[in-house]
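The values are calculated or read from the model by the stated rules, or taken from the named source; none is laboratory data. Small disclaimer: the values here were computed from a predicted structure and weren't measured. Here the Cβ positions follow ideal geometry from the backbone for every residue, glycine too, while neighbour counts run over all protein chains shown.
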Amino acid sequence: MTRLIVLLGSAIFLGLIAVIFFELGYIRFNYPDQSKFPVRGIDISHHQDVIDWDVLERSGLDFAFIKATEGGDHKDTKFHRNWQRAGDIGLVRGAYHFFTFCKRGSEQAQNFIETVPVDKNSLPPAIDLEFSGNCQARPSKEEVQQEINAFAKLVEQRYGKTPIIYTTNDSYLAFLEGEDLGYPIWIRDIYSEPTLRDGAKWDFWQFTHRGRLHGINGFVDLNVYNGSSEEFQKFISSRAQ
């Protein structure tokens, strides 16, 4: 009995240590195979505060999605600096918009267009579609798709590229599952390599929200592209006009 208690106590202690290390970002559930996912990137916003891009340059990153706008009028305070500095160190840049359920898609598109410069060598604009941090409205699947399509149409006209949709598993199931809307998918899954229930292909995977990189104080989201370096370049060029 004593030995059992000791073993149980040890297991609980090790479990607590693992939880603490996970919360601090020193361990995570996902470690994508470099040979399978050689193209690496981050997504950032003002939450990362001032990034030391000269230090970050040594991290071996390939791309950065940078928050530009949210809703109908919010503009990320660090967008222009991050956009400029990411380009300075040779990263492929992409801007993203946090999509709110409480504003029309056309109004949100105008906010994005007012903020993000045209760069034919950038990643397509990304639409962040999720429940977390959103307003209290819960529109239907059809209503969300209608507003997403309105946003995408205006943005595609401006930038010449079909937008990417960033989504969590919850928002994918609620608004996108089983629909062929024609948008590349950027999926968040911090527990395992994604498999979409409807068999749809995903192009980007956010595999942790507690990454750590030199040059960034605190946590940063880490991502991979689902393909080779050559396929990544084709993904960009096929959407450049």
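For Ala152, are the conditions met, namely being modelled with pLDDT of 95 or more and of a type in the set (Gly, Ala, Ser)? Taking the combined requirement at face value, the residue satisfies it.
Say whether the condition of being within 20 Å of Ser35 (Cβ to Cβ), assigned to a strand (DSSP E or B) and either modelled with pLDDT under 95 or not charged (D, E, K, R) (or both) is met by at least one residue in the stretch 167-184. No; the residues of the stretch 167-184 include none that is within 20 Å of Ser35 (Cβ to Cβ), assigned to a strand (DSSP E or B) and either modelled with pLDDT under 95 or not charged (D, E, K, R) (or both).
Residues that are touching a residue at least 12 places away in the same chain (Cβ under 8 Å) and hydroxyl-bearing (Ser, Thr, Tyr) within the stretch 109-148 comprise Thr115, Ser122, Ser132, listed in sequence order. Assigned to a loop (DSSP other than H, G, I, E, B), assigned by TED's automatic domain parsing to the domain that holds Gln48 and crowded, with 20+ Cβ neighbours inside 10 Å: is that true of Ile216 in this structure? Answer is yes for this residue. Only residues that are among the β-branched types (Val, Ile, Thr) and within 18 Å of Pro139 (Cα to Cα) were counted in the stretch 77-109, giving 1. Exactly one residue out of Asn134, Asn111, Asn169, Asn121 is among the polar types (S, T, N, Q), within 19 Å of Thr208 (Cα to Cα), in contact with a strand residue (DSSP E or B) (Cβ under 9 Å, 6 or more places away or on another chain) and in the same structural domain as Phe207 (by TED's automatic domain parsing), and it is Asn169. Close Cβ contacts (under 6 Å, 6 or more residues apart or on different chains) running from residues in the stretch 160-187 that are closer than 19 Å to Phe98 by Cβ to residues that are charged (D, E, K, R) and crowded, with 22+ Cβ neighbours inside 10 Å comprise Tyr166/Asp128; Thr168/Arg188.
If I ask for residues that are β-branched (Val, Ile, Thr) and more than 26 Å from Ile165 (Cβ to Cβ), which ones from the stretch 40-63 would you list?
First pass over the stretch 40-63, keeping only residues β-branched (Val, Ile, Thr): 42, 44, 50-51, 55.
Once the filter is applied, which keeps residues that are β-branched (Val, Ile, Thr) and more than 26 Å from Ile165 (Cβ to Cβ), the stretch 40-63 yields Val50, Val55.
Each row is one residue, and each column tells you yes or no for (1) modelled with pLDDT of 95 or more; (2) under 20 Å from the mean Cα position of the chain (by Cα); (3) of a type outside the set (Lys, Arg); (4) not in a helix (DSSP H, G or I).
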{"residue": "Leu4", "(1), (2), (3), (4)": "no, no, yes, no"}
{"residue": "Ala11", "(1), (2), (3), (4)": "no, no, yes, no"}
{"residue": "Ile17", "(1), (2), (3), (4)": "no, no, yes, no"}
{"residue": "Phe21", "(1), (2), (3), (4)": "no, no, yes, no"}
{"residue": "Pro38", "(1), (2), (3), (4)": "yes, yes, yes, yes"}
{"residue": "Lys67", "(1), (2), (3), (4)": "yes, yes, no, yes"}
{"residue": "Lys103", "(1), (2), (3), (4)": "yes, no, no, yes"}
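Residues that are in contact (Cβ under 8 Å) with a residue 40 or more places away in the chain and in a loop (DSSP other than H, G, I, E, B) were ranked within the stretch 51-60; the one that is surrounded by the most Cβ atoms within 10 Å (Cβ to Cβ) is Ile51.
Is it fair to say Ser192 is of a type in the set (Gly, Ala, Ser), modelled with pLDDT of 95 or more and surrounded by fewer than 16 Cβ atoms within 10 Å (Cβ to Cβ)? Write out each step before concluding.
Working: of a type in the set (Gly, Ala, Ser): yes; modelled with pLDDT of 95 or more: yes; surrounded by fewer than 16 Cβ atoms within 10 Å (Cβ to Cβ): yes.
When the stated conditions are applied, Ser192 passes them.
When you look at Gly227, is it part of a loop (DSSP other than H, G, I, E, B), free of Cβ contacts under 8 Å to residues at least 12 places away in the same chain, on the phi > 0 side of the Ramachandran plot and in the same structural domain as Asp49 (by TED's automatic domain parsing), yes or no? Spelling it out, it is not the case that Gly227 is part of a loop (DSSP other than H, G, I, E, B), free of Cβ contacts under 8 Å to residues at least 12 places away in the same chain, on the phi > 0 side of the Ramachandran plot and in the same structural domain as Asp49 (by TED's automatic domain parsing).
Would you confirm whether or not the stretch 113-125 contains a residue that is closer than 27 Å to Gln233 by Cβ and part of a helix (DSSP H, G or I)? So far as the stretch 113-125 goes, yes, one or more of its residues are closer than 27 Å to Gln233 by Cβ and part of a helix (DSSP H, G or I). Taking the numbered list (1) closer than 21 Å to Phe65 by Cβ; (2) assigned to a helix (DSSP H, G or I) in turn, Thr162 passes all entries but (2).
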